[in-house]
Amino acid sequence: GAHLTLEERTAIAALGLTAAPIGVGDGLTGEMMKLAHRRWGEVVCPHTAVAIEALHDDAVARSPHPVVILATAHPAKFPETVRAVLGIDPPLPERVGDLYARAERMTALPCAVEPIKAHIRACLAGRA
């Protein structure tokens, strides 16, 4: 089932927040994706759909605090799932609309911190 690690619980507590993990099956996830699309006109990723389902959890429903859902992934990251559930292809965000037409680039680096830092610095300086 769903669970939070000690590090996650510690970070949540340090922020003065509360969190409770929930688990949702694929069928219910799909139903929440449909609900978001039908009710709000939003195409959401499966992870966001699970958060929407969490609104039905007793502990969440009884909470006196506002509930915030943060969508952290674009639905285009899950095209097969969105297509299967909603029957549509999620469009890529405008800033990466030409993603599939772009040349793929990859740089192999040693598994060591300093060469990785050096490469990142070079990229940021426009030298890589």
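The values are calculated or read from the model by the stated rules, or taken from the named source; none is laboratory data. This one's a predicted model, so the numbers in the text were calculated from it and none came from an experiment. Reconstructed Cβ throughout: ideal geometry from the backbone, glycine too, with neighbour counts over all protein chains shown. These accessible areas exclude ligands, DNA and RNA; they are computed on the full protein's heavy atoms, side chains included. Shrake-Rupley method; radii C 1.70, N 1.55, O 1.52, S 1.80 Å.
Within segment 46-62, not a single residue is open to solvent by 70 Å² or more (accessible area, probe 1.4 Å), part of a helix (DSSP H, G or I) and of a type in the set (Val, Ile, Thr). Counting only residues that are farther than 13 Å from Met33 by Cα and either part of a helix (DSSP H, G or I) or open to solvent by less than 90 Å² (accessible area, probe 1.4 Å) (or both), segment 81-94 holds 3 of them. How about segment 100-121: which of its residues are open to solvent by less than 90 Å² (accessible area, probe 1.4 Å), part of a loop (DSSP other than H, G, I, E, B) and not hydrophobic (A, V, I, L, M, F, W, C)? The answer is Thr107, Pro110. For segment 28-45, a residue qualifies if it is of a type in the set (A, V, I, L, M, F, W, C) and open to solvent by 70 Å² or more (accessible area, probe 1.4 Å), and the qualifying residues are Leu28, Trp40. For segment 43-100, a residue qualifies if it is basic (Lys, Arg) and either farther than 17 Å from Glu31 by Cα or touching a Lys or Arg at 6+ places or on another chain (Cβ under 7 Å) (or both), and the qualifying residues are Arg62, Lys77, Arg95.
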